[in-house]
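Data first, discussion second: the structure below is written as structure tokens.
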Amino acid sequence: MPASVKLMRRIVFVDAPRETVFQVATALGTGNLPGGESAKVLSRTGNTIAAEFKTRGGFRMYTTVGEITLHPPDRVAFKRVSGPLRSASVELILEEVEHGTKLESHGGFIWNKAPILGWLIGVLFVKSVVDAAVARQMWRIKKVSEERAKGSQAARRKTE
């Protein structure tokens, strides 16, 4: 079995409360995402969600079914169930900071079971596609969370 290819560790600072960021990060199935990407909830049991993701990689769309485990309010863990990768996991960590939330991602994947060739292709070609997909989702979480927080602040000012 080849070694897991580590994804780029990303940190994004979000000007929104951690609860808002967690809600946005776990709001699956709320319509299509930019670029034709989408997330659809297949089932939900307690803090575990099975979801189907359509993700762009270069000129292709890939479908992945994953299990998302929610650890409110500070962690979301994704594990691949089926799709183009042999295995994949990504974890989002949400930490309260002075002016909002620090959103951090880390994870890894195995492209296929070929020991050396699978790892090499994963590092040279697949890693950039998976890293880009994670980066797009983190920036989407940041943008939507900050819009919601700004809207909440405006609504509070109107009632004061």
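Things to note:
- Net charge, residue 16 excluded, C-beta distance under 12 Å - Lys, Arg +1, Asp, Glu -1: +1
- Global geometry of region 66-160, whether rounded, prolate or oblate, following the gyration tensor of its Cα atoms and the 1.5 cut on a/c: prolate
- Longest DSSP-loop-exposure-free segment, trypsin sites (Lys or Arg not before Pro), the chain, at most 12 other Cβ within 10 Å: 10-112
- Environment charge of residue 147, counting only residues whose C-beta is closer than 14 Å and scoring Lys/Arg +1, Asp/Glu -1: +3
- Amide H contacts under 5 Å for residue 7: 107, 108, 109, restricted to partners 5 or more places along the chain or on a different chain, H placed in the peptide plane at 1.01 Å from N.
- Each other residue within a Cβ distance under 15 Å of residue 57 adds +1 if Lys or Arg and -1 if Asp or Glu, for a net charge of +4.
- On the beta carbon distance between residue 148 and residue 65, with R0 = 25 Å, the FRET formula returns roughly 0.35.
- For region 1-106, applying the loop criterion from DSSP together with a ceiling of 16 other beta carbons within 10 Å to the chymotrypsin sites (Phe, Trp or Tyr not before Pro) yields 59.
- FRET efficiency, residue 95 to residue 117 (Cβ-Cβ, R0 41 Å, nearest 0.05): 0.60
- Counted residue by residue at 0.36 nm each, then reduced by the alpha carbon distance between them, the extension gain from residue 125 to residue 44 reaches 25.8 nm.
- Residue with peak Gaussian network fluctuation, the chain [Cα springs, cutoff 10 Å], from 46, 36, 118: 46
- For the chain: relative contact order, % (alpha-carbon pairs under 8 angstrom, 6 or more apart): 29
- Separation of the alpha carbons by more than 19 angstrom is noted, of 102/143; 40/113; 6/113, for 40/113.
- Taking a ≥ b ≥ c as the square roots of the eigenvalues of the Cα gyration tensor, region 1-83 is rounded, since a/c falls below 1.5.
Bear in mind that the values in this text are calculations on the coordinates, not laboratory data. The structure displayed is predicted, hence computed values, not measured ones. Virtual Cβ from ideal backbone geometry, glycine too; neighbours counted across all protein chains shown.
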